Amino acid sequence: MKLVKSYSITSELFKSQFPESVRLVIKDIIMKGFTVTLVGGAVRDFLISGELSKDLDFELGSPIEISSDDWITKIDLLKSDLKSNFKIENLAFHITRLKLNDFELEFSSSRLESYEGDGPFAHSDLNVSLNPNIDFLDSVKRRDFTLNAIGVKVSIAEDELEYELIDPLKGSEDLSARILRECGDNFYKDPVRMLRAIRFKHKLNLSDENIRYSEFNLSKLNSYWFLEEANKLNSSMYFDDFYKLVNDFNVQIPKEINEFSCLKGLNQFKWNHNLRFLALEVIIQKKITNLEDYSNLCIKLKLPKKFIKSSFELIDNLTSLDKLNIEKIKMMSLEDFSTSLEFNIIKKIHSFISQFPDCESTLLTHKDVKEFSKLLKVWPLNFKTDLEKKDLEKYSSSLRSALIFKSYLK
């Protein structure tokens with residue numbers, strides 16, 4: 001990873017990627033008396049790749065001193081104006097989100113965040129104060145990492161939008177040096193930020209040597225955020241790194257998080273942001289070998305009950321499938337094959353795939369299943385065949401499916 005140093009924020013590349021439809025919305029907001037700054041991941045990713053994200057987060061402030069009450073009134077009026085032209089979503093802290101073609105725009109007030117007491121804290125145990133009068137430095141101290149605290153101030157000059165990089169915490173330097181650095185001391189009070197450190201470390205190949213993991217207390221971390229960050233990284237490295245850091249730095253975690261420790265030590269893989277794939281890998285890699293433990297894990301992953309037993313039984317079927325001899329099947333008579341263990345196994349596997357079609361791609365990438373992919377694609381009977389319909393009608397349904405299946409093995 002390297003910064004796109006040949007591109008400046010004011011370059012034509014940046015301007016060309018800021019679409020006209022977005023520019024018109026931003027220009028209108030500025031003319032209504034707001035300051036507008038693009039913040040967060042969009043700026044970070046542009047500095048890395050030279051490409052503008054489709055998710056754009058804007059922080060709003062005021063160019064003149066304004067009271068808190070008047071500020072709330074002003075942003076509510078803006079929200080009403082946006083609602084008259086777009087379908088908007090109202091979020092916490094007076095944040096507004098809207099879709100604009102392929103882009104998703106989010107507008108939030110500059111704000112301060114504080115904590116009361118010594119903790120431990122949950123992710124939402126903080127006090128929020130909307131403040132349009134603070135400068136950008138005070139505003140970004142509440143953020144997690146310096147690389148996410150870089151802004152692009154958008155202003156109007158001669159009826160055109162201008163873009164200015166604002167980087168008071170030198171996040172672009174940390175990004176270039178591949179360093180994760182926290183924005184402020186409150187960083188360690190939010191348990192989710194330890195998870196985000198793991199995610200960004202692996203996602204962007206960054207050093208976390210500056211992160212003081214021993215200062216975290218995750219006693220009030222819940223499974224929702226634990227799995228949310230895992231799913232965003234989409235890599236089994238997340239669990240290995242998390243439990244290693246917990247052990248190395250004696251980080252306190254609740255029982256419900258400790259119960260996911262069966263997920264560490266998996267061979268590295270990605271589960272395409274689908275927790276069913278993660279559950280399948282746990283039993284395919286034999287990290288769990290009994291139905292009770294597997295059921296408990298799936299319940300924690302909030303997977304449907306019908307998936308649990310079906311997927312666990314599937315592994316037994318796959319184990320048997322791995323032992324199948326295709327040449328032996330070819331030599332069987334139609335009657336013998338239709339009542340054979342081999343055909344029964346194939347039908348069970350396809351029954352599972354018909355219930356959970358999104359799992360087929362995961363199964364077919366597994367080394368024990370890949371060589372049998374031709375067999376897995378035969379069942380059920382909604383596929384093309386060279387056999388004439390009249391030739392099939394003389395067979396019973398079980399013999400008919402067996403005949404079609406065997407025809408694919410020739």
Out of the residues in region 249-269 that are surrounded by 15 or more Cβ atoms within 10 Å (Cβ to Cβ) and more than 30 Å from Phe121 (Cα to Cα), which is modelled with the lowest pLDDT? Phe269
If you go through region 14-45, how many residues are touching a residue at least 60 places away in the same chain (Cβ under 8 Å) and assigned to a helix (DSSP H, G or I)? 14
Going by the conditions given, is Asn217 at pLDDT 90 or above, touching a His at 6+ places or on another chain (Cβ under 7 Å), of a type outside the set (Lys, Arg) and on the phi < 0 side of the Ramachandran plot? no
With (1) assigned to a loop (DSSP other than H, G, I, E, B); (2) within 23 Å of the chain's Cα centre (by Cα); (3) not assigned by TED's automatic domain parsing to the domain that holds Ala122; (4) not acidic (Asp, Glu) as the list, and Arg142 as the residue in question, which single condition is left unmet? (3)
Output for region 25-65, where each listed residue is over 25 Å from Lys203 (Cα atoms) and of a type in the set (A, V, I, L, M): Val25, Ile26, Ile29, Ile30, Met31, Val36, Leu60, Ile64
Tally of residues being in contact with a helix residue (DSSP H, G or I) (Cβ under 6 Å, 6 or more places away or on another chain) and either among the polar types (S, T, N, Q) or within 14 Å of Asn296 (Cβ to Cβ) (or both) across region 269-279: 1
Could you tell me whether Arg97 is loosely packed, with under 15 Cβ neighbours inside 10 Å, in contact with a Leu (Cβ under 9 Å, 6 or more places away or on another chain) and not small (Gly, Ala, Ser)? no
For region 68-80, check the following and say yes or no: at least one residue is touching a Lys or Arg at 6+ places or on another chain (Cβ under 7 Å) and not small (Gly, Ala, Ser). yes
Kindly check whether there is at least one residue in region 360-370 that is modelled with pLDDT of 80 or more and either closer than 24 Å to Met237 by Cα or surrounded by 16 or more Cβ atoms within 10 Å (Cβ to Cβ) (or both). no
Evaluate the following for Ile156: is it among the β-branched types (Val, Ile, Thr) and surrounded by fewer than 19 Cβ atoms within 10 Å (Cβ to Cβ)? yes
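The values are calculated or read from the model by the stated rules, or taken from the named source; none is laboratory data. Here the structure is a predicted model, which is why all the values come from computation and not from measurement. Quick reminder, even Gly has a Cβ in these numbers, built from the backbone with ideal geometry, and neighbours come from all protein chains shown.
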